[in-house]
């Protein structure tokens, strides 16, 4: 019996680290690699009945599909969903769930192997999600607008929520690997399951902010190491700001050397993936997983 239990435990642990494969259209990668956000007609299949507690992260999750714009099972997450200004959006999401009606959804696209399926091909046919957390590697997180309701105010620090420790999280992000194979029309990405979602960190700009195609902002920064300021936890990480948010306004006009404290979530850096493909062509390669940080909340360092 002990041997059987040990085997089951091993299988469980191994399965949690397997990860998955996502096959994206090459044209889609080129279109979104320098955009912070995506706009879609989204069918909400399931929604949480209420937001998570703030101590957990304060998000409201809802799952569904946007067959034309995303083409993958997706989960959207409304940040700071317990705040008063989010109540109309929360009610709209709950009322729309399960109706089959397309709703306007605008938010930050996020490709990340946090809850991956074994394999998913973009614009294939997928069944209806069974719950708010189907196997998925694609998210709209954070949501910027849903059903015409502006949620840009939600891009902020979350009350009573600290986020993950920067050293643990960035050491993990830096350890990730990805295998990529491209054709003229598709990009296949294979990576292990990822952890460490919201992370709080200090950052030092290494360049000037630049506007993205959709009006968002990108800027490169080093992630500070509290134990050794001369040895950053990560160097030259692209920080992504959604258009119209307080963070995008704060970062505009700043220069190299400016310091901030942020809470953010990682996503695959498709700009770096596409650049690597231009070098490798159709030759498969394995490398460190290039990531960038979606900045949810930010303030000037004291």
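Every number in this text was worked out from the coordinates using simple rules, so none of it is lab data. The shown structure was predicted, so the numbers you read here are calculated from the model rather than taken from an experiment. Here the Cβ positions follow ideal geometry from the backbone for every residue, glycine too, while neighbour counts run over all protein chains shown.
Stretching residue 128 away from residue 172 to a fully extended chain increases their span by 12.6 nm, per 0.36 nm per residue minus the current alpha-carbon distance.
For the pair residue 213 and residue 165, label points projected 7 Å from Cα toward Cβ lie 4.0 nm apart. In the chain, the DSSP beta bridges split such that about 90 percent are antiparallel, to the nearest 5. Would you mind telling me which residue in 215, 281, 247 has the biggest mean-square fluctuation in a Gaussian network model of the chain, where springs connect alpha carbons within a distance under 10 angstrom? Fluctuation is largest for 281.
For Cα Rg over 2.2 N^0.38 Å, the value calculated from this model appears in (i) 0.99; (ii) 1.32; (iii) 1.39 under label (i). Bridge orientation summary for the stretch 27-154: considering DSSP beta bridges with both residues in this region, about 90 percent are antiparallel. The orientation-averaged projected area of the convex hull spanned by the Cα atoms of the stretch 166-300 comes to 8.5 nm².
Averaging the sequence gap over all C-alpha pairs within less than 8 Å and six or more residues apart, then dividing by the number of residues, gives the chain a relative contact order of 21 percent. Inter-part distance, the stretch 155-184 to the stretch 105-121, computed on C-alpha centroids, equals 14 Å. Length gained on full extension, residue 95 to residue 55: 11.8 nm, using 0.36 nm per residue less the C-alpha separation.
What does the highest-first list of 206-213, 90-97 look like by mean Cβ count within 10 Å?
90-97, 206-213
Packing-based ranking of 149-161, 75-87, 123-135 yields 75-87, 149-161, 123-135, ordered from highest to lowest mean Cβ neighbour count within 10 Å.
Need one word for the stretch 220-288: rounded, prolate or oblate. Basis is the Cα gyration tensor (sqrt eigenvalues a ≥ b ≥ c); a/c below 1.5 gives rounded, then a/b vs b/c decides. Since a/c reaches 1.5 but b/c is at least a/b, the shape of the stretch 220-288 is classed as oblate.
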